[in-house]
Amino acid sequence: MYVIKPYLKTDNKLIVSESTMLGRSGHSKETVRIQFGIKSLDVTVHESDLVNENEVYLSSNVMKQLGIQVSCAYDLVVNDNKIIIGPFIGILSELTNKKVAEMLPTYNSFVKGYRYIGGAIAVFSIEGINKEKGTIQGFLYHPKKKTWQWKTFPFPGVVISIAEPSLTSSWKAFHEQMRHFELLLGGKVFNYPHFSKWEMYHMLLPQFKDQLPETTLYKDVHNIHEMLQKHGSVYIKPLNGRLGKRIYNVVADGPHIRTKFDVNHKSHEEVFTNEMDSSRFFEEHLVPDAFLIQQTIPLKTHEQSVIDFRVIAAKNQKGQWRNLGIYSRYGARGQIVSNITAGGHTEMAGKTLKEVWHLREKEVQRLEKEMERVVLAAIQTIEGNGYHLGNIGVDIGLDDQCNISIIEINHQNPDPYIAIMAEDRKAFYNCRFQNMRYARYLGGF
């Protein structure tokens, strides 16, 4: 990696050591295009035996116009008549600047392996983007001080999206900004665009019919009663919801209709004696075309806790998918979801499969391998439909006979924090590291 130092004259020069790859590139005294993020300028390359091998000097006016930060260490890639400085990776993490500042310590997990990534790494919010000026206000990582510093910088060369705009007033603004990034950066933006649970269902249905619960879109209460008559138990979920919020479990119990749901991590139940009363409840709480009705998957329970599994996967430095960990999730007692945020807990999948399913080691290995196969095949199908993903969290259901169901694919911000909760810190940091390695790869490094 190189340290880039300002050359105080404003004559658009790039001065390199004679002994470096740049010095031997054959561009001496030639005009080349130098690029940082999405900005570029023409400079003339000069060699000097006074410059150290790990240093380059760049005219101060070029440094300023391109927004190159002297605090970072960079790789330089020579591509024909262009030199790319980078990587320059932007992480769109929140909706507001205030929230980015509050969450700043958590972003250290992205820069833990900085010496292998290098370049400029920034975190920012939707609020911090100035589309007209082509600038962003956010926090830039200072590798020597190991701190984040508030800066104004140009648009990066690669954008990782981990923001969660679903069910917020920023949903429209988020998509407008992300479409703008897509236009500027092309295939160097992930995880975007987003897909809903309904879109996921239709993408996967042709290949994974046996692994998917029957699902329909909520138009009116008749849809609920039809699915209930067919399956006896259904889940109603928001199309774009996360973290187990606004989910209802509806069960036909003889002449009664029981509806369970959680409010502020507390379980509630409404019992209706006729369809008319239940219909009034659903019409009050549901919005047409915004919810799914899904056949209840026969998940195994243990001590009144429902159990499912989370598979986390990420692309590596070659753009290849790797399974990084499989974890079981136990819902809080009596609750209808397994989400950790709703009071559940987690552990390594192998432990649960041995203790609850009573499987032997070889059976556990076979089953985990099959989970991995299903997940990677599902990801391949989704990417084949035009979605660019870099990391993913897939929720898998398992019944008493170990039959696999795909519950949900989390791609907005599939936070690998579940690995830490399962005392698998190595997998957590590995996931973050792979995200950055993949971003570096996308940037051409």
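Some observations on this one:
- The Cα center of region 259-320 and the Cα center of region 111-127 differ in position by 36 Å.
- Region 1-89: C-alpha gyration tensor shape, a/c 1.5 cut-off, then a/b vs b/c: rounded
- Gain on full extension, evaluated as 0.36 nm per residue between Arg333 and Asp253 minus their Cα-Cα distance, stands at 26.7 nm.
- Residue ranges 207-214, 418-425 sort as 418-425, 207-214 when ordered by packing (mean number of other C-beta atoms within 10 Å per residue, highest first).
- For region 352-406, the carbon plus sulfur part of the accessible surface works out to 42%, probe radius 1.4 Å.
- Apportionment of accessible area to carbon and sulfur, region 20-129, percent (1.4 Å): 47
- Percent RCO, i.e. relative contact order, over region 214-295, from Cα pairs under 8 Å lying at least 6 residues apart: 43
- Total formal charge among the other residues, if their Cβ is under 13 angstrom from that of Met103, Lys/Arg +1 and Asp/Glu -1: -2
- Taking Cβ atoms as reference points and 13 Å as the exclusive limit, the residues near Lys146 contribute a net charge of +4, counting Lys and Arg as +1 and Asp and Glu as -1.
- Taking the 1.4 Å solvent-accessible surface of region 214-295 as the whole, the part contributed by carbon and sulfur is 48%.
- The label point for Gln317 and the one for Ser71, both projected 7 Å from the Cα toward the Cβ, are 2.6 nm apart.
- Per residue, the average separation of C-alpha pairs within less than 8 Å and at least 6 apart gives the chain a relative contact order of 14 percent.
- Debye log10 I(q)/I(0) at q = 0.21 Å⁻¹ for region 299-443, Cα point scatterers: -1.35
- Along the axis of the charge dipole computed for the chain (Cβ charges of +1 for Lys and Arg, -1 for Asp and Glu, origin at the Cα centre), the listed residues Gly138, Leu292, Tyr57 are led at the positive end by Tyr57.
- Evaluated at q = 0.16, 0.24 Å⁻¹: base-10 log I(q)/I(0), Debye formula over Cα of region 88-190: -0.65, -1.44
- Using alpha-carbon coordinates, inclination of helix 425-442 to the longest axis of the chain, degrees: 50
- Helix content alone sets the calculated 222 nm mean residue ellipticity of the chain: runs of n ≥ 4 DSSP H residues at -39500 (n - 2.57) each, divided across all residues, give -8000 deg cm²/dmol.
- Computed with a 1.4 Å probe over protein heavy atoms only, the accessible surface of the chain comes to 46 Å² per residue.
- Counted charge near His268, where neighbours are those whose Cβ lies closer than 13 Å (Asp, Glu -1; Lys, Arg +1): +1
- The angle between the Cα long axis of helix 197-208 and the longest principal axis of the Cα atoms of the chain comes to about 80 degrees, rounded to the nearest 10.
- Between Lys145 and Asn403, the modelled labels are 5.9 nm apart [label points 7 Å from Cα along Cα→Cβ].
- For the chain, the alpha-carbon radius of gyration amounts to 1.14 times the rule-of-thumb value 2.2 N^0.38 Å expected for a compact globular protein.
The values are calculated or read from the model by the stated rules, or taken from the named source; none is laboratory data. Keep in mind that this is a model prediction, so the values were computed, not measured. Cβ sites come from the backbone with ideal geometry, for glycine too, and all protein chains shown count toward neighbours. Each accessible area value is taken on the protein alone, full model and side chains, heavy atoms only, with ligands, DNA and RNA left out. Shrake-Rupley method; radii C 1.70, N 1.55, O 1.52, S 1.80 Å.
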